[in-house]
Amino acid sequence: MNVFRLVGDLSHLLAILLLLWKIWKTRSCAGVSGKSQALFALVFLTRYLDLFTTFVSVYNTFMKVVFLVATFATCYLILFKFKATYDSNHDSFRAEFLVVPLAGLAVLVNHELTVFEVLWTFSIYLESVAILPQLFMISKTGEAESITSHYLFALGSYRALYLLNWIYRYYFEGFFDLIAIVSGCVQTVLYCDFFYLYITKVLKGKSLKLPA
């Protein structure tokens, strides 16, 4: 554990709670991609199977449970409780074009060809692109609500902070995980345009619009 990982985890947690709060407060999931949330649920489901086999720490277990429960709760609100407000017409990204190739890649490129390791690798690959349906949805609708923008910024910040965490761990611990680092870089790059627009527009009180 180091400060970059801790702040990254808190940023990740803040992102998830912001989205939950937004949906519950407004009683609406307008502007939120159900497909991105379903992909994140799949990410956590395949990554945290070790909850049943390995205990690392109370903190580690607590965060895993919170991420799982909060993400599945978000999916429930979008796909069931507030389904009438879900904009499925604009949430049209073909998620299967991400899941199927990445599942194949996880089988081919991993640290060890075991079920748990392949599923963990798949979760790392999938997390790097799981936000694409949300970004695609924003580009189709033309703009995002401020609270949705804050959610995306917190989520992108989490991954950027984890890159600093890996640099720290390599320098001080000699730890290096190429799969996690490359996937993290890809994920951070996807947020670059958003970060620029967030800083130049949202923080100045303007609505956020992504180029189509």
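The values are calculated or read from the model by the stated rules, or taken from the named source; none is laboratory data. Worth saying up front: this structure is predicted, and the values here are computed from it rather than measured. Reconstructed Cβ throughout: ideal geometry from the backbone, glycine too, with neighbour counts over all protein chains shown. Surface accessibility is based on the protein's heavy atoms, side chains included, excluding ligands, DNA and RNA. Shrake-Rupley method; radii C 1.70, N 1.55, O 1.52, S 1.80 Å.
Values for this structure:
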read-out	value
Leu135 accessible area, 1.4 Å probe, all protein chains in place, Å² to nearest 10	20
Distribution of pairwise C-alpha distances over the stretch 121-195, 5 Å bins, in %	3, 15, 24, 22, 15, 10, 5, 3, 1, 0
With all protein chains modelled, accessible area of Val189 [1.4 Å, Å²]	100
Residues listed by number, the stretch 100-123, amide nitrogen under 11 Å from Thr53 label point at 7 Å toward C-beta	114-120
Residue-count net charge about Val32 - beta-carbon cut-off 11 Å; Lys, Arg +1, Asp, Glu -1	-1
Highest-MSF residue in the chain out of Asn110, Asn165, Asn89 [GNM, Cα springs under 10 Å]	Asn89
Ile78, Ile181, Ile199, reordered so the largest accessible area comes first (probe 1.4 Å)	Ile199, Ile181, Ile78
Whichever aspartates and glutamates have a C-alpha closer than 17 Å to that of Lys83, once near sequence neighbours (fewer than 8 apart) are set aside	Asp91
Label-reachable residues, the stretch 1-36, where backbone N falls under 19 Å from a point 7 Å from Phe62's Cα toward its Cβ	1-18
Nearest-10 value in Å² for the accessible area of Ser157, using the 1.4 Å probe	30
Separation of the Val186 and Ile199 label points, Cα + 7 Å toward Cβ, nm	2.5
